[in-house]
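Contents: one structure, followed by commentary.
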Amino acid sequence: MGHRCRRWLAWVGLLGLAAWVVAISHPSRRGTALRGHEGTRVFHGPSCRYYDAEGCTTQFSDRREAIAAGFEPCKLCRP
């Protein structure tokens, strides 16, 4: 195996590890409450700038619960 190939495999491994860490540490993966806006019927995660917006009063424990209630995920934070 050549030097370039080994370096490429090392980068791929690091990127995979980073993606895994982000996936398990994302607030919506940890059971953090999501908030939905009654007027727009959009729900947001805690990292979203609209999470504390006026009107975001409906709380959901997870994504499935919010979708079942007729809310859509925010296109910015993608909870």
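Read the figures in this text as sums done on the coordinates, not as results from a lab. Bear in mind that the values here come from a model prediction, so they are computed numbers and not experimental data. As a convention, Cβ positions derive from the backbone with ideal geometry for all residues, glycine included, and neighbour counts pool all protein chains shown.
In nm, what is the difference between 0.36 nm times the number of residues separating S61 and R78 and their Cα-Cα distance? Walk me through the intermediate numbers first.
On the way: separation 17, 0.36 × 17 = 6.12 nm, distance 1.53 nm.
Full-extension gain reported as 4.6 nm.
Can you give the local net charge around G55? Use residues other than it whose beta-carbon is closer than 13 angstrom to its beta-carbon, Lys and Arg +1, Asp and Glu -1.
Result for the neighbourhood of G55: -1.
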